[in-house]
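So the structure is just underneath, and the comments pick up after that.
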Amino acid sequence: EAAVTQSPRNKVAVTGGKVTLSCNQTNNHNNMYWYRQDTGHGLRLIHYSYGAGSTEKGDIPDGYKASRPSQENFSLILELATPSQTSVYFCASGLGSQNTLYFGAGTRLSVL
Amino acid sequence: GQQVQQSPASLVLQEGENAELQCNFSTSLNSMQWFYQRPGGSLVSLFYNPSGTKHSGRLTSTTVIKERRSSLHISSSQTTDSGTYLCALERGNSGTYQRFGTGTKLQVVP
């Protein structure tokens, strides 16, 4: 079973502060994804990556940056956090087309 | 507009009843996936189904690309089936990404 680990699991940040959410996967998957989940919106794609050094914008990239320094790690960065970014964030990984996704346990972020 | 629409938004079943969850999409896709999410929990893949019908225990997934729909059938529901069911369409060529529906929240009562 693929392992996707997110840290931290819970985070409280102040408006205007910098927040970094980390994701690590140990199954050598090429593709990694960051989603946020909000009531009424389901999961929305923020950024994704096809391999080390690559990042792509998803459907709602504004206010977020992503970094994929290695095959195993994919970070989501909020340079200037705002209350509207309060949400649950999920990281996922997968081999690519015609393969399933494996999700982390999620990070609950509150921006006050 | 929303490319993936799920229905119903919520559903309450008596234990033992069957359920049919629908997912309709308005764009081209490579495939459809169904996920289960426990309350407050992560997502677990149930089916990867590009077309046709797939079975797994009491669950059946059917995807009809021409009609732009996919369904998830739950038979003989159990209280442990309670949670949210999400469908996601896979898109992309050289690289792929998934676009999710808003989910169906299912509650199975004894």
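The values are calculated or read from the model by the stated rules, or taken from the named source; none is laboratory data. Values in this document were obtained by computation on a predicted structure and should not be read as measured data. So basically every Cβ, Gly included, is an ideal-geometry build from the backbone, and we count neighbours across all protein chains shown. For the accessible areas, the whole protein counts, side chains as well, though only heavy atoms, and no ligand, DNA or RNA atoms are used. Shrake-Rupley method; radii C 1.70, N 1.55, O 1.52, S 1.80 Å.
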Excluding ligands, DNA and RNA, what is the solvent-accessible area per residue of region B:20-110 at a probe of 1.4 Å, expressed in Å²?
-> 43 Å²
Largest-first principal axis extents of the Cα set of the protein assembly as shown (Å) = 49, 38, 35
At least 20 Å² of accessible area lost relative to the chain alone, listed for region A:44-64 with a 1.4 Å probe = A:45, A:48, A:50, A:59
Apportionment of accessible area to carbon and sulfur, the protein assembly as shown, percent (1.4 Å) = 47 percent
Return one whole number: the accessible area per residue of region A:28-112 in Å², for a 1.4 Å probe.
-> 41 Å²
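Would you mind checking A:18/B:105; B:54/B:105; A:65/B:66; B:66/B:105; A:57/B:54 for any pair whose Cα atoms are more than 30 angstrom apart? Walk me through the numbers on the way to the answer.
On the way: A:18/B:105 34 Å; B:54/B:105 22 Å; A:65/B:66 37 Å; B:66/B:105 27 Å; A:57/B:54 33 Å.
Pairs exceeding 30 Å: A:18/B:105; A:65/B:66; A:57/B:54.
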Enter the Cα centre distance for the pair region A:1-53 and region B:17-91, rounded to the nearest angstrom.
-> 23 Å
Which of B:50, B:23, A:89 sits farthest toward the positive end of the charge dipole of the protein assembly as shown, with +1 on the Cβ of Lys and Arg and -1 on the Cβ of Asp and Glu?
-> A:89
Take chain A, connect every pair of alpha-carbon atoms lying under 10 Å apart with a spring to form a Gaussian network, then pick out the residue of A:39, A:55, A:15 with the largest mean-square fluctuation.
-> A:39
When the accessible area of each residue in region A:66-112 is compared between its chain alone and the complete protein assembly (1.4 Å probe; ligands, DNA and RNA ignored), which residues differ by at least 50 Å², being lower in the assembly?
-> A:100, A:101, A:103
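Estimate for me the total accessible surface buried between chains A and B (protein heavy atoms, probe 1.4 Å, no ligands or nucleic acids), in Å² to the nearest 100. If you can, show how the numbers build up before the last one.
On the way: alone 5860 and 5900 Å², together 10180 Å².
Buried area (both sides, nearest 100 Å²): 1600 Å².
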